[in-house]
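Please read the structure below before turning to the comments.
Each reported figure results from applying straightforward, stated rules to the coordinates on display, with no laboratory input. Remember, predicted model here, so these are calculated numbers, not experimental data. Every residue, glycine among them, receives a Cβ derived from its backbone with ideal geometry; neighbour counts consider all protein chains shown.
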Amino acid sequence: MIKNMIKASVVVSALALFFGTSNYITEAATYNYTNQDVTSYVSLVGKKTFHGTTPTQYYTAAVHPVTCGKATSGTILPYGTQIYTDQELSAPGSEEGYLDGFLVEDMGDVNCTRKVTPPFGGTARKLTSHWFDVYYGLNTTTNTSNALTFGTKFNIDYTAYTP
């Protein structure tokens, strides 16, 4: 898919040069993040994501806003960013039992104040700068239990492909 996006971008750029236009063309970018937190969440029936989509269980991801406390600033990773973790994350309730691919569609922890406690004790701290939250489905007993069992994954490395 990335190859096709790059090919399309090259074709559009060539056409723009040929026709003498000076429109700025945005290309997909790749970013690598290390030692990030991954958490999970559930939502109410009918609740849309920050970007107005219907969330997909075990696939939709929520991230911080660009500016903490200001939802109108947008998400720190743009809508449609694909996230792939370097390792599979155990995922109670999911069909495969693990997850490693996600799509940014939502915003979470708008005020950037949520805290987690590292495993084996330690002092509670804020979530990492490029943490993401995995959508675990509607707020049912089973989904909530599975989300709590998923817990917080620490020190996760991932690659983000922006649209």
Requested in this report: Mind listing whichever residues of the range 125-151 are loosely packed, with under 12 Cβ neighbours inside 10 Å and of a type in the set (Lys, Arg)?
Outcome: 125
Query raised in the report: Does residue 163 qualify as being in a loop (DSSP other than H, G, I, E, B) and closer than 22 Å to residue 48 by Cβ?
Result: yes
Report summary line: Note on the range 118-137: residues free of Cβ contacts under 8 Å to residues at least 40 places away in the same chain and assigned to a loop (DSSP other than H, G, I, E, B) are 118, 119, 120, 121, 122, 123, 124
Query raised in the report: Within the range 31-40, is even one residue without any contact (Cβ under 8 Å) to a residue 24 or more places away in the chain and of a type in the set (Asp, Glu)?
Result: no
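Yes/no matrix, rows are residues, columns are (1) exposed (fewer than 14 other Cβ atoms within 10 Å of the Cβ); (2) of a type in the set (A, V, I, L, M); (3) touching an Asp or Glu at 6+ places or on another chain (Cβ under 9 Å); (4) farther than 18 Å from residue 41 by Cα:
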| residue | (1), (2), (3), (4) |
| --- | --- |
| 64 | no, no, yes, no |
| 69 | yes, no, no, yes |
| 78 | no, no, no, yes |
| 94 | no, no, no, no |
Report task. Determine, yes or no, whether residue 96 is acidic (Asp, Glu) and over 24 Å from residue 31 (Cα atoms). Result -> yes
**Report entry** Some residue of the range 109-124 being among the small types (Gly, Ala, Ser) and surrounded by 21 or more Cβ atoms within 10 Å (Cβ to Cβ)
**Finding:** no
